[in-house]
Amino acid sequence: MKLKDFSILVLLLLFVQLSYAYQITFKLINAETQKPVEGVQVVEGTKNYLGNTNQKGILKANFNKNKVRLMFFYYGYATVEQDYNFAKSQQITIYLAPLKEELSAVVLNAKKRINYGLTTLKPVEGTHIYAGKKTEVVNLDLVSGNKASNNPRQIFAKVAGLNIYDSNDGGLQLNIGGRGLDPNRTANFNTRQNDYDISADVLGYPESYYTPPTEALEQIQVIRGAASLQYGTQFGGLINFITKKPVDKPIELITRNTVASFGTLSNFTSVSGTVNKLNYYAYYNGKQGDGFRPNSDYESTNFFAHVGYQFTENTKASLEVSSFNYTAHQPGGLSDVQFIEDPTQSYLERNWFDVDWKLYNFKLEQQITDASKLTVSLFALDASRKAVGFRGDPTAEKPAIFNTNGDEQNTDGTYVFNRDLIVGNFKNYGVETRFLSSYELGDTTNYYLLGGKIYKANNNQRQGAGSKGTDADFSFADADQYPNQNNFDFPNFNASLFGEHIFNINKHLSITPGFRFEHISTKSDGTYYVFNKNNSNLSEHIEDNNSFVRNFVLLGLGISYKPNSFFETYGNFSQNYRSVTFSDIRTVNPSFIIDENITDETGFTADIGVRGKVDKAFSYDLSAFTLVYGNRIGQVLNKRAQWVRKNIGTAFIYGLESLLQWNIKETYFKNNEHLKLDVYTNIAVTKSVYLDSEENNVAGNEVEFIPLMNVKTGASFGWDNLLGNIQYTYLSEQFTDVTNSPYDANNEQNVIGAIPSYDILDVSLSYKFSKHFLLETGINNILDNSYFTRRATGYPGPGIIPAEPRYFYGTLEIKF
């Protein structure tokens, strides 16, 4: 090597060394347990986000100046803010103090708001990448509302644009949609618990019959359509329920008992702790209630257990088991006339629904190096759902839309007709592996994620004659010539490979491209029964075996520009894909048929927005979105008053979503630690149109389930140990069918029609007696408005499903 070249190389090395004169290693320790704390967010000043600590509680950072001001944030710990004057490269240990329950409710709530940060996910968390995506986080410790009944209106109050089916079954099921997606059982989102799937069949039947109790949750993560690359192909994105983590002490016991309107009783009891390398969290949740309508009683039990073990500083494993079952009486639907006459009435006593859900998960987490981490998650589901009820004379030539009449009784009080029974059994399992690593390029750190998932489902659905009784009997009757019969197996298989990469162009700008490869095999093997009313000898069982195999790649791109730690502008584009479900392939229903040419839905979503904070007083998240939905599946009525499920056409949906929060206390009463006062406004304005359709009178219409205005606004207030919240919700009119049938209050036999606009006012209060006792109370729908959010074409209708009237609740929490 020439002397000149050597000199240049030395100068370059000196330049690089001088660029990072101080290489600092931070180690974050729990001040009480002396254990490392993973996931601590480290920020320099107000402009530079440095990253999160790893599993060892360590974060390495480079500085080109010796004087800096740093802040350390982590959920449940007091914030550390400190000035440093570096003399050399070194390791610094910071001790984080857990927030003390002895603090007043107002002070504790304020500290939690600071420590939990913005209601968005960080660019990198664990083995997940969220850079450039529209993400929202519900921190349950900061939610004031009816948690015992999982009231989604209050739980998701600050998640923009969600459309919710209000139900009266104690919050046993979650029904949310958004951006024109059907809210029914949250089927258009990929739903997870602690990062693993919980729906019946992710592709074949993505309905979620199980929802973990809000009282057990630490947070709920919501990622919109761009989640399709990492989590699956759904248009809605991801909803991930994160349960509470084990506490850093040998044992903590919490019991919450709730008494509420309509005979509602609920108990939630949890136990949590850490002993040496072992940690655990378990809960029991039992509910029962009568409902506000006749024939709407229910009861449920829910168990959950988590056991984790820290084998080494770099290796930990956990096992989780969930068990959920409930039986609910279904009062059925109403016509518009019946709803106006009395929304609390019910004409049915023979309709029941039953769910038995068992989930299993084993997760291994390995910190390979300071920069690389691997997680392997094995999961399984063993579940069933059963529905039995009278749907009208099964032999009738023209099926009844309403089943409030014709349920004939014999002279001895028994019923003439068998009930229709549908039983679905779901057995699936899979494994998902994620590897995340980083590398230095210039003065930036770049992250990349590679993952894969294998998913196997062995599901079965049988439909046939049920009993003639009125009780919750889910056994099949011996009725060979019952018209509505089918028995199908659905052996589905899915393999996918996905990846994303954060290219940090500089400290402020990042670009995140991603991909997902999917192999999907959807099959149906079985028979259905064709009933000949005129000649039973001509009735026959017909084999109907289908196989639909496809391979495709989804692409996406996210961009984030963050000039400082309190402002970000972001945008993303992602392709979406939704597989036909097995209920799309075959369901025999007297008022419901399937188009034999039905096929998958395709399209894309895009977001662009800004989010951030102004001091501690004001935060905002403003965004615009668009969604193109090709081959959208919907329902139309044929001439025989039968619903036909088919591909309707291409839908175009666009709108604005916003969340504004103002902490009035920090603006005008900054030094008053007794006071809490803040307000928020969550507004979504959404427009839509069917661009094309083969159906008559559809092109140019609005898309179903989209209110133009979706508003949730409220205020939180408090003084010392008293906290309160008031929330107002308003949704404008929305259509429920593709022909945009208007609302007609005079039609006695109309299951189609718009849902009129409605508004609801909720109030909640809590008082903390000590660190051991907490009292919560409130009134939902305090104005006692009569409204409905759903027109059901099948179970639990058909017809209008009325929402709950004024509802009182009270909860006493005892913590040891």
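Hey, any hits in region 684-707 for a residue that's farther than 30 Å from Gly649 by Cα, modelled with pLDDT of 95 or more and surrounded by fewer than 22 Cβ atoms within 10 Å (Cβ to Cβ)? Lay out the reasoning, then the answer.
The initial filter retains those residues of region 684-707 that are farther than 30 Å from Gly649 by Cα, namely none.
Within region 684-707 (the criterion being farther than 30 Å from Gly649 by Cα, modelled with pLDDT of 95 or more and surrounded by fewer than 22 Cβ atoms within 10 Å (Cβ to Cβ)), the answer is no, since none of the residues qualifies.
Take Ile422 and tell me if it is in contact with a strand residue (DSSP E or B) (Cβ under 8 Å, 6 or more places away or on another chain), under 30 Å from Lys134 (Cα atoms) and either charged (D, E, K, R) or not in a loop (DSSP other than H, G, I, E, B) (or both). Let's see the steps before the verdict.
Values: in contact with a strand residue (DSSP E or B) (Cβ under 8 Å, 6 or more places away or on another chain): yes; under 30 Å from Lys134 (Cα atoms): no; either charged (D, E, K, R) or not in a loop (DSSP other than H, G, I, E, B) (or both): yes.
No: the conditions fail for Ile422.
State all residues of region 770-816 that are closer than 26 Å to Ala745 by Cα, more than 23 Å from the chain's Cα centre (by Cα) and of a type in the set (A, V, I, L, M, F, W, C); if no residue qualifies, say none.
Ile782, Leu783, Ile800
Any residue that is in contact (Cβ under 8 Å) with a residue 12 or more places away in the chain, among the β-branched types (Val, Ile, Thr) and touching a helix residue (DSSP H, G or I) at 6+ places or on another chain (Cβ under 9 Å) - is there at least one of those in region 530-551?
First, pick out the residues of region 530-551 that are in contact (Cβ under 8 Å) with a residue 12 or more places away in the chain: 530-531, 533, 536, 539, 541-551.
In the following step, the residues that additionally are among the β-branched types (Val, Ile, Thr) were identified as 530, 542, 549.
Remaining after also requiring touching a helix residue (DSSP H, G or I) at 6+ places or on another chain (Cβ under 9 Å): 530.
Yes, the conditions are met somewhere in region 530-551.
For region 498-538, give me each residue that is at pLDDT below 90, of a type in the set (A, V, I, L, M, F, W, C) and touching a strand residue (DSSP E or B) at 6+ places or on another chain (Cβ under 7 Å).
Matches in region 498-538: Val530 only.
Out of curiosity, is Asn487 buried (at least 21 other Cβ atoms within 10 Å of the Cβ) and in a strand (DSSP E or B)? Spell out the reasoning first.
Numbers: buried (at least 21 other Cβ atoms within 10 Å of the Cβ): no; in a strand (DSSP E or B): yes.
Taking the combined requirement at face value, the residue does not satisfy it.
Would you check if there is a residue in region 249-264 being hydroxyl-bearing (Ser, Thr, Tyr), touching a residue at least 40 places away in the same chain (Cβ under 8 Å) and either in contact with a Cys (Cβ under 8 Å, 6 or more places away or on another chain) or buried (at least 23 other Cβ atoms within 10 Å of the Cβ) (or both)?
Yes, region 249-264 contains a residue that is hydroxyl-bearing (Ser, Thr, Tyr), touching a residue at least 40 places away in the same chain (Cβ under 8 Å) and either in contact with a Cys (Cβ under 8 Å, 6 or more places away or on another chain) or buried (at least 23 other Cβ atoms within 10 Å of the Cβ) (or both).
Being crowded, with 17+ Cβ neighbours inside 10 Å and under 32 Å from the mean Cα position of the chain (by Cα) is the filter; apply it to region 665-680 and report the residue that is farthest from Lys768 (Cα to Cα).
Going residue by residue through region 665-680, those that are crowded, with 17+ Cβ neighbours inside 10 Å are 665, 675-678, 680.
Among the residues that remain, those that are also under 32 Å from the mean Cα position of the chain (by Cα) are: 665, 676-678, 680.
Working: Lys665: 20, Lys676: 14, Leu677: 17, Asp678: 19, Tyr680: 24 Å.
So the residue we want is Tyr680.
Between a residue in region 60-71 that is over 14 Å from Thr444 (Cβ atoms) and any residue that is among the acidic types (Asp, Glu) and surrounded by 15 or more Cβ atoms within 10 Å (Cβ to Cβ), which pairs come within a Cβ distance under 6 Å, given they are 6 or more apart or on different chains?
Val68/Glu44; Leu70/Glu44
For region 292-301, state whether one or more residues are in a strand (DSSP E or B) and of a type in the set (Lys, Arg). Explain how you work it out, then say what you get.
From region 292-301, those in a strand (DSSP E or B) are 298-301; that's our starting set.
Retained after the next criterion (residues that are of a type in the set (Lys, Arg)): none.
The answer is no, given that none of the residues of region 292-301 is in a strand (DSSP E or B) and of a type in the set (Lys, Arg).
Restricting attention to region 611-658, which residues are at pLDDT 90 or above, within 20 Å of Asn696 (Cβ to Cβ) and of a type in the set (D, E, K, R)?
Result: Arg632, single match.
Within region 88-98, is there a residue that is surrounded by fewer than 19 Cβ atoms within 10 Å (Cβ to Cβ), over 22 Å from Pro36 (Cβ atoms) and in contact with a helix residue (DSSP H, G or I) (Cβ under 7 Å, 6 or more places away or on another chain)?
no
List pairs: first in region 266-277 and over 11 Å from Gln310 (Cα atoms) and touching a residue at least 24 places away in the same chain (Cβ under 8 Å), second part of a strand (DSSP E or B) and of a type in the set (Asp, Glu), Cβ under 9 Å, 6+ apart or cross-chain?
Phe268/Glu813; Ser270/Glu252; Ser272/Glu252; Gly273/Glu252
In region 528-568, which residues are hydrophobic (A, V, I, L, M, F, W, C), closer than 30 Å to Ala606 by Cα and part of a loop (DSSP other than H, G, I, E, B)? First the steps, then the outcome.
To start, the set of residues in region 528-568 that are hydrophobic (A, V, I, L, M, F, W, C) comprises 530-531, 538, 542, 548-549, 552-555, 557, 559, 566-567.
Next cut, closer than 30 Å to Ala606 by Cα only: 548-549, 552-555, 557, 559, 566-567.
Correct list: Phe566 only.
Within region 427-462, restricting attention to residues that are among the acidic types (Asp, Glu) and touching a residue at least 60 places away in the same chain (Cβ under 8 Å), which residue is surrounded by the fewest Cβ atoms within 10 Å (Cβ to Cβ)? Working first, answer last.
Restricting attention to region 427-462, the residues satisfying the condition of being among the acidic types (Asp, Glu) are 432, 440, 443.
Imposing the further condition that a residue be touching a residue at least 60 places away in the same chain (Cβ under 8 Å) reduces the set to 432, 443.
On the way: Glu432: 22, Asp443: 13.
Filtering region 427-462 for residues that are among the acidic types (Asp, Glu) and touching a residue at least 60 places away in the same chain (Cβ under 8 Å), the one surrounded by the fewest Cβ atoms within 10 Å (Cβ to Cβ) comes out as Asp443.
Kindly provide the set of residues from region 740-760 that are part of a loop (DSSP other than H, G, I, E, B), in contact (Cβ under 8 Å) with a residue 60 or more places away in the chain and surrounded by 15 or more Cβ atoms within 10 Å (Cβ to Cβ), ordered by number. Steps first, please.
Within region 740-760, the subset part of a loop (DSSP other than H, G, I, E, B) is 740-754, 756-757.
Remaining after also requiring in contact (Cβ under 8 Å) with a residue 60 or more places away in the chain: 743-753.
If the condition is that a residue be part of a loop (DSSP other than H, G, I, E, B), in contact (Cβ under 8 Å) with a residue 60 or more places away in the chain and surrounded by 15 or more Cβ atoms within 10 Å (Cβ to Cβ), then Tyr743, Asn750, Val751, Ile752, Gly753 are the ones that fit.
Are any residues in region 182-220 among the hydroxyl-bearing types (Ser, Thr, Tyr), under 23 Å from Ile633 (Cβ atoms) and in contact (Cβ under 8 Å) with a residue 40 or more places away in the chain, and if so, which ones? Give the derivation first.
Filtering region 182-220 down to residues among the hydroxyl-bearing types (Ser, Thr, Tyr) leaves 186, 191, 196, 199, 205, 208-211, 214.
Still in the list and also under 23 Å from Ile633 (Cβ atoms): 186, 191, 199, 205, 208-209.
Answer for region 182-220, where residues must be among the hydroxyl-bearing types (Ser, Thr, Tyr), under 23 Å from Ile633 (Cβ atoms) and in contact (Cβ under 8 Å) with a residue 40 or more places away in the chain: Thr186, Thr191, Tyr205, Tyr209.
Give me a count of the residues in region 298-351 that are crowded, with 21+ Cβ neighbours inside 10 Å, in contact with a strand residue (DSSP E or B) (Cβ under 7 Å, 6 or more places away or on another chain), among the polar types (S, T, N, Q) and at pLDDT below 95.
Final tally of qualifying residues: 3.
Please specify each residue of region 648-693 satisfying the condition of being assigned to a strand (DSSP E or B), charged (D, E, K, R) and within 30 Å of Leu108 (Cβ to Cβ). Spell out the reasoning first.
The first filter runs over region 648-693 and keeps only residues assigned to a strand (DSSP E or B), leaving 648-663, 675-693.
Next, only the ones that are charged (D, E, K, R) stay: 657, 676, 678, 687, 692.
Listed by number, the residues that qualify are Lys676, Asp678.
Hey, Leu203 hits all of (1) crowded, with 24+ Cβ neighbours inside 10 Å; (2) part of a helix (DSSP H, G or I) but one; which does it fall short on?
(2)
For the structure I just gave you, tell me whether Asp420 is at pLDDT below 70 and crowded, with 16+ Cβ neighbours inside 10 Å. Step through it out loud before you land on a result.
Values: at pLDDT below 70: no; crowded, with 16+ Cβ neighbours inside 10 Å: yes.
Criteria not met by Asp420.
Of the residues that make up region 227-234, is at least one small (Gly, Ala, Ser), in contact with a Phe, Trp or Tyr (Cβ under 8 Å, 6 or more places away or on another chain) and surrounded by fewer than 22 Cβ atoms within 10 Å (Cβ to Cβ)?
No.
Take Gly718 and decide whether it is touching a Lys or Arg at 6+ places or on another chain (Cβ under 6 Å) and buried (at least 18 other Cβ atoms within 10 Å of the Cβ). Working first, answer last.
Working: touching a Lys or Arg at 6+ places or on another chain (Cβ under 6 Å): yes; buried (at least 18 other Cβ atoms within 10 Å of the Cβ): yes.
So Gly718 passes the test.
Give the number of residues within region 684-717 that are closer than 30 Å to Gly634 by Cα, touching a residue at least 60 places away in the same chain (Cβ under 8 Å) and touching a Leu at 6+ places or on another chain (Cβ under 8 Å).
5
The values are calculated or read from the model by the stated rules, or taken from the named source; none is laboratory data. This one's a predicted model, so the numbers in the text were calculated from it and none came from an experiment. FYI the Cβ positions are ideal-geometry reconstructions off the backbone, even for glycines, and counts take in every protein chain you see.
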